[in-house]
Amino acid sequence: MKEPVRGNSGFWNSFRQGGVPSAIASMIGAPTAQQMAFLRSLMRENRRPEALRTPLAELDAVVFDLETTGFAPQHGDEILSFGAVRVVGGEVKEEEQFYTLVKPKKHIPDHITELTGITTEMTQDAPPLLEGLHDFMSFVGGRVLVAHASAHDKSFLNAALWKTSKVRLSHRVIDTMMLARWLEPQRSGYGLDELLYSRGIPIEGRHHALEDAMMTARLWGCYLDDISRMDVITLSDLYSHLSHA
């Protein structure tokens, strides 16, 4: 997608570089300007090559999940909640977790409420998208992201980052569904419930962003145990094997 054309190229050049002119900042509000600048700076500084050399047993990552109003951010579907937990190697740091609802601009469809338990009324006092996104990315920092069937979550994160700050997600992402396809190619299905069940991980609170992130984190730990018995040591090794799977 091309960046929108703006008459004030000086402003947009500064905006692209991570800064917001003081006059504009005062007009849109200092907290908002700071949140935008933070997101832009984080995306610019990410993807450091040293992360690729990190042993998987020591990898500092954030497992996350989103709940959304649908499956098509390009057609107006929105993020409803962020859930995340930090993992180091295969250890789930349950005390380091993140969750927030986000206030959507439209009414939440009934079938989404039935699935997630999130009602429009529950989000009335929730933070707006930029604030929720800022707080989530502050929790993530520069860590590698892990998600199940990550294409969905990445598409919504990219749409939200572009809408709020005109940047794209630059974090490295590991998809536990791709790991399952590589490690267990004989399977007939790779849905989260099926994979959790196969590893003896209790299924509780499905379609709640934090609960799903917690369960996916435990699944990630199981896969790291499998990978530790293979000649796959670093994040670079893992990406190399997945690219040939």
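The values are calculated or read from the model by the stated rules, or taken from the named source; none is laboratory data. Since the structure is predicted, the reported quantities are computational estimates derived from the model, not experimental observations. Every residue, glycine as well, gets a Cβ built from its backbone with ideal geometry; the counts of neighbours run over all protein chains shown.
Couple of notes before you dig in:
- For the range 216-226, the criterion of being exposed (fewer than 14 other Cβ atoms within 10 Å of the Cβ), outside any helix (DSSP H, G or I) and not hydrophobic (A, V, I, L, M, F, W, C) is met by no residue.
- Residue in the range 176-186 that is in contact with a strand residue (DSSP E or B) (Cβ under 6 Å, 6 or more places away or on another chain), in contact (Cβ under 8 Å) with a residue 24 or more places away in the chain and among the hydrophobic types (A, V, I, L, M, F, W, C) present: no
- Pairs where the first residue, in the range 53-80, is closer than 21 Å to SER240 by Cα and touching a residue at least 12 places away in the same chain (Cβ under 8 Å) and the second is β-branched (Val, Ile, Thr) and in a loop (DSSP other than H, G, I, E, B), C-beta under 9 Å, 6+ apart: PRO55/ILE233; LEU56/VAL232; LEU56/ILE233; ALA57/ILE233; ASP60/THR54
- Considering only residues in the range 227-238 that are in contact with a Lys or Arg (Cβ under 8 Å, 6 or more places away or on another chain) and of a type outside the set (Val, Ile, Thr), the one that is surrounded by the most Cβ atoms within 10 Å (Cβ to Cβ) turns out to be LEU235.
- Put simply, of PHE82, PHE64, PHE38, PHE71 the only residue that is part of a helix (DSSP H, G or I), touching a Ser or Thr at 6+ places or on another chain (Cβ under 9 Å) and among the hydrophobic types (A, V, I, L, M, F, W, C) is PHE38.
- GLY142 falls short on exactly one of the conditions (1) modelled with pLDDT of 95 or more; (2) surrounded by fewer than 19 Cβ atoms within 10 Å (Cβ to Cβ), and that condition is (1).
- Near pairs, Cβ below 8 angstrom, 6+ apart or cross-chain, from the range 209-232 (in contact (Cβ under 8 Å) with a residue 40 or more places away in the chain) to any residue that is surrounded by fewer than 17 Cβ atoms within 10 Å (Cβ to Cβ) and part of a helix (DSSP H, G or I): TYR223/LEU183; LEU224/ALA57; ASP226/LEU183; ILE227/LEU183; SER228/ALA57; VAL232/HIS241
- Restricting SER81, SER41 to residues that are at pLDDT 80 or above, under 19 Å from LEU161 (Cβ atoms), surrounded by 16 or more Cβ atoms within 10 Å (Cβ to Cβ) and within 21 Å of the chain's Cα centre (by Cα) narrows the list to SER81.
- Number of residues in the range 66-94 that are touching a strand residue (DSSP E or B) at 6+ places or on another chain (Cβ under 9 Å) and farther than 16 Å from GLY221 by Cα equals 12.
- Here the range 127-166 is the region considered, the condition is being under 9 Å from the mean Cα position of the chain (by Cα) and in a helix (DSSP H, G or I), and the residue that is nearest to THR69 (Cα to Cα) is PHE156.
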